[in-house]
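The structure appears below as structure tokens.
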Amino acid sequence: MRDNSTWWRGAFLTLYLVFAILPLYWMLNMSFKTNTEIVSTLTLWPRDFTFEHYRTIFTDPAWYSGYINSLIYVVINTVISLAVALPAAYAFSRYRFIGDKHVFFWLLTNRMTPPAVFLLPFFQLYSSVGLMDTHLAVALAHLVFNVPLAVWILEGFMSGVPREIDETAYVDGYSFPRFFLTIFLPLIKSGVGVAAFFCFMFSWVELLLARTLTSVNAKPIVATMTRTVSASGMDWGVLAAAGVLTIVPGGIVIWFVRHYIAKGFAMGRV
């Protein structure tokens with residue numbers, strides 16, 4: 001019986017890995033094919049191997065500037081989100097006040113709201129104050145979704161730190177900033193890593209707000225990838241190469257915070 005169950009688990013795991021890896025492999029495979037081969041034949045590996053699509057991305061400002069713009073507003077958003085969420089999460093984990101549960105729930109409902117709901121208000125506001133087509137515009141818009149998520153994640157990690165640590169530090173003469181930065185923050189560094197990861201990934205892949213609030217100067221790569229149609233048709237090879245390069249930053253971030261994410265799963269906050 002045990003052998004049968006082990007076989008079935010192995011079979012399901014193999015099928016899962018095949019279905020998970022197949023789209024990534026196929027995109028990587030397409031990125032090294034010519035457009036003629038992509039639309040004419042079905043092959044498991046390129047017949048006419050080419051780096052032309054990657055050369056186009058690294059030499060065309062319309063393409064590589066999209067990655068630069070995305071990285072700029074993603075980093076800005078992640079830093080601001082953590083700076084706002086850390087004190088807020090500390091307050092929710094350490095203090096009790098009237099309506100605290102309701103405020104916490106209200107924050108989470110903002111995260112559940114579709115981005116389209118906030119699209120028109122942001123568009124009119126940014127048009128009035130001159131923030132349209134700037135990195136800051138997208139970074140601030142994404143705060144509506146990333147701050148609640150970061151607060152929720154960090155509050156779970158902070159609640160796992162005993163209150164006696166706070167009290168002992170105050171008795172020893174620590175000011176709150178010194179205690180928070182030198183004692184408390186290192187204890188929840190795994191939570192900071194998890195929160196930073198999810199903030200980064202949401203801002204990196206979000207399309208609707210990023211595409212609507214930018215046009216030229218701050219247009220991100222996700223918006224550039226939706227505009228690959230030319231007079232000759234869809235440039236499938238360049239689009240596949242852009243998709244491969246888009247995965248790279250997320251993979252790098254996952255590699256650095258993989259242990260923190262595992263701890264987040266164990267604490268039930270991921």
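Tabulated results
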read-out: Calculated FRET value between ALA20 and MET225, using beta carbons and R₀ = 22 Å, to 0.05; value: 0.55
read-out: Solvent-accessible area, 1.4 Å probe, carbon plus sulfur percent, for the chain; value: 72
read-out: Between helix 115-129 and the chain: long-axis angle, C-alpha atoms, 0 to 90°, nearest 10; value: 80
read-out: Principal axis box of the range 1-151, alpha-carbon based, largest edge first, Å; value: 64, 60, 24
read-out: Label-point separation in nm, HIS102 to MET234, each point 7 Å along Cα→Cβ; value: 5.0
read-out: LYS189-LEU44 pseudo-label distance in nm [points 7 Å out on the Cα-to-Cβ vector]; value: 4.5
read-out: Estimated 222 nm signal from helices in the chain, with DSSP H stretches of n ≥ 4 weighted -39500 (n - 2.57), rounded to 500; value: -24500 deg cm²/dmol
read-out: Given charges at beta-carbon only (K, R positive; D, E negative), |dipole| of the chain in Debye; value: 380
read-out: Length released on extending from ARG9 to TYR95, taking residue separation times 0.36 nm less the Cα-Cα span; value: 26.4 nm
read-out: Principal axes of the range 24-89: Cα extent on each, largest first, Å; value: 56, 26, 15
read-out: Nearest 10 degrees, 0 to 90: helix 236-267 Cα axis against the chain principal axis; value: 30
read-out: Rounded to 10°, Cα long-axis angle of helix 100-112 versus longest principal axis of the chain; value: 10
read-out: Hydrodynamic radius by Kirkwood, which averages 1/r over all alpha carbon pairs of the range 116-260, in angstrom; value: 18.2
read-out: Partner aspartates and glutamates for LYS101 [C-alpha distance under 16 Å; skip if fewer than 8 residues away on the same chain]; value: GLU155
read-out: (i) 40, 33, 17; (ii) 30, 25, 17; (iii) 40, 28, 16, with the label sought being that of the calculated semi-axes √(5λ) of the Cα gyration tensor in Å; value: (iii)
read-out: Projected label distance in nm at THR109 and LEU208, using a 7 Å step from Cα toward the beta-carbon; value: 1.8
read-out: Å² of accessible area per residue within the chain, as computed with a 1.4 Å probe and no ligands counted; value: 56
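The values are calculated or read from the model by the stated rules, or taken from the named source; none is laboratory data. A quick note: this is a predicted structure, and the numbers were derived from the prediction, not measured. Cβ atoms come from the backbone with ideal geometry, glycine included; neighbour counts cover every protein chain shown. Only protein heavy atoms, including side chains, enter the accessible area calculation; ligands, DNA and RNA are left aside. Shrake-Rupley method; radii C 1.70, N 1.55, O 1.52, S 1.80 Å.
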